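To start, the structure under review is shown below, and the notes come after it.
The values are calculated or read from the model by the stated rules, or taken from the named source; none is laboratory data. Everything quoted here is computed from the prediction, not taken from an experiment. Neighbour counts run over all protein chains shown; Cβ positions are idealised from the backbone, glycine included.
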Amino acid sequence: MAEQVPWAELRRGAEGVGFREGRDWLLSPEPLRLEKGLWRQMERMGHPLRMFQQAGEQIYRRSAKGSLPGWIAELLDAGKPTWMVEAQRAEGMRQVAPRVIRPDLLLTEEGFAVSELDSVPGGMGITGWLGEIYGAAGWEVAGGAQGMVEGFRSLLPEGGEILVAEESADYRQEMAWLAGRLSGGEPGRWRVSAAEEYGGGAEAVYRFFELFDWENVPGVREMAGRKDVTPPIKPVYEEKLWLALLHSPALREVWEQEMRGSHLQRLRELVPYGWVVDPTPLPPHAALPRLEVGSWKQVGGFSQKQRRLVLKVSGFSEEAWGSRGVVIGHDVSGAEWAAALERACGEFEGQPWVMQEFREAMVIAHPYYDAESGEVRTMEGRVRLCPYYFVDGAGETTMGGCLASIVPADKKKIHGMREAILVPVVCE
């Protein structure tokens, strides 16, 4: 029988994976239970997401070569250095894709909603650590007690360097924990190094830094074109634009050519409808799909009831992760919303933004340990699930684990804030 995990046991290991002042999330005596139907959906989600990523790259390449309209590649290349664009377009890098896929799944009354798709995800070490602890207590956690460790091993089976940049320093401790679990009796075979000090070499590399930070990582050019660097130096995989382009009427038939119908239909159901915030004037008789207005200025004038919309920086920006570049329409004033849209339109040429329909996460009750006393309390909160799918050398996709972040119910942005309860997931 599974047992509750004691407060003292959780606190003993927390510092080793990055819990500290400012990153002292809440912990719980038990995992999050997910009903069987949703569990099965989540288990099967990795392969369609990988197909979506690869279809996106194929669309990008076809646009770059002229067999699809050029605006697609131009949009995705906006703001990127020329050398990086050329490197990702190299024929030898075709379909060299990230080997960790992590969607952010909001748990709604209707099921899952995919709010993000991250190819350089944090939380792997924390998820692995939680999996070990709850697994030892008898819980059958998603991916298994060693799922995260073995999943990461499949990326660098012979060992290698895990490069963490200063920009991503908050995650260094958990990646060091992961490297330690991998190395076991062979210290140094898997190791964490400063990305800024990377000097090249023949070892395989796991890149734990976003590509917008490339100027601070001199060795990044040496990594470009290497198939043993994952995620590869391909910014096309780090754009939220794909979540909007999936619904673009102009690309409907293109997606149908590039993806299996069942996968495509499922993704269109999971990913909230979205738009690229392109300020190009529409013809007088045209309207933005579903919004039924002819300009972004009119969207900026929407009432609070109409503003159940989310505005996001697409990628290649320090604001494109951690919910920093996210504006939720009905959570800000009309003036703030109009200003955010004006900014998005103004940055289109070098830093595109996307907008999505807002999906409301459902409220659940979950126990947690009070951070000061260790007493068990209950939170009414909303849930974000982060399953980690690992792609092995043969292209097989496996879920290694799943981290649930439960935030107070009054929060509109659901992310790894310090008020969040972090727990693994089990099947109910």
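Brief remarks on what is shown
- Positions within segment 387-409 being farther than 17 Å from Trp129 by Cα and either of a type in the set (Ser, Thr, Tyr) or in contact with a His (Cβ under 6 Å, 6 or more places away or on another chain) (or both), in sequence order: Thr397, Thr398, Ile406
- Candidate set from segment 62-95 (those that are among the basic types (Lys, Arg) and surrounded by fewer than 19 Cβ atoms within 10 Å (Cβ to Cβ)); member that is modelled with the lowest pLDDT: Arg94
- Yes/no for Arg153 being under 27 Å from Leu385 (Cα atoms), among the basic types (Lys, Arg), surrounded by fewer than 23 Cβ atoms within 10 Å (Cβ to Cβ) and touching a residue at least 40 places away in the same chain (Cβ under 8 Å): no
- Qualifying residue in segment 199-211 (condition: under 21 Å from Gly56 (Cβ atoms) and out of contact with any strand residue (DSSP E or B) (no Cβ under 7 Å at 6 or more places or on another chain)): yes
- Residue in segment 20-37 that is in a helix (DSSP H, G or I) and surrounded by fewer than 17 Cβ atoms within 10 Å (Cβ to Cβ) present: yes
- Pair list, Cβ < 6 Å and 6+ apart or interchain, from segment 396-416 residues that are assigned by TED's automatic domain parsing to the domain that holds Pro121 to residues that are polar (S, T, N, Q): Gly401/Thr127; Leu403/Thr127; Lys413/Ser323; His415/Ser323; Gly416/Ser405
- Condition met for Gly294 (in contact with a Pro (Cβ under 8 Å, 6 or more places away or on another chain) and either surrounded by 15 or more Cβ atoms within 10 Å (Cβ to Cβ) or not assigned by TED's automatic domain parsing to the domain that holds Thr108 (or both)): yes
- Some residue of segment 192-211 being closer than 21 Å to Gln53 by Cβ, assigned to a helix (DSSP H, G or I) and in contact (Cβ under 8 Å) with a residue 12 or more places away in the chain: yes
- Near pairs, Cβ below 7 angstrom, 6+ apart or cross-chain, from segment 240-261 (closer than 24 Å to Leu311 by Cβ) to any residue that is of a type in the set (Gly, Ala, Ser) and surrounded by 21 or more Cβ atoms within 10 Å (Cβ to Cβ): Lys240/Ser314; Lys240/Gly315; Leu241/Ser314; Trp242/Gly56; Leu243/Gly274; Ala244/Gly274; His247/Gly274; Trp255/Ala55
- Residues (part of a helix (DSSP H, G or I) and either hydrophobic (A, V, I, L, M, F, W, C) or more than 27 Å from Phe316 (Cα to Cα) (or both)) located in segment 152-179: Phe152, Arg153, Ser154, Leu155, Ala169, Met175, Ala176, Trp177, Leu178, Ala179
- Residue tally, condition of a type in the set (A, V, I, L, M, F, W, C) and closer than 17 Å to Tyr273 by Cα, over segment 214-253: 8
- Per-region count, segment 232-258, residues farther than 15 Å from Gly315 by Cα and either under 21 Å from the mean Cα position of the chain (by Cα) or hydroxyl-bearing (Ser, Thr, Tyr) (or both): 4
- Unique residue being among the acidic types (Asp, Glu) and closer than 30 Å to Glu9 by Cβ when the list is Glu347, Glu336, Glu419: Glu419
- Yes/no for Ala14 being hydrophobic (A, V, I, L, M, F, W, C) and more than 20 Å from the chain's Cα centre (by Cα): yes
- Restricting segment 257-277 to residues that are part of a helix (DSSP H, G or I) and among the aliphatic types (A, V, I, L, M) leaves a set whose member that is nearest to Ser67 (Cα to Cα) is Leu264.
- Segment 341-378, residues that are surrounded by fewer than 20 Cβ atoms within 10 Å (Cβ to Cβ) and aliphatic (A, V, I, L, M): Met362, Val363, Ile364, Ala365, Ala371, Val376
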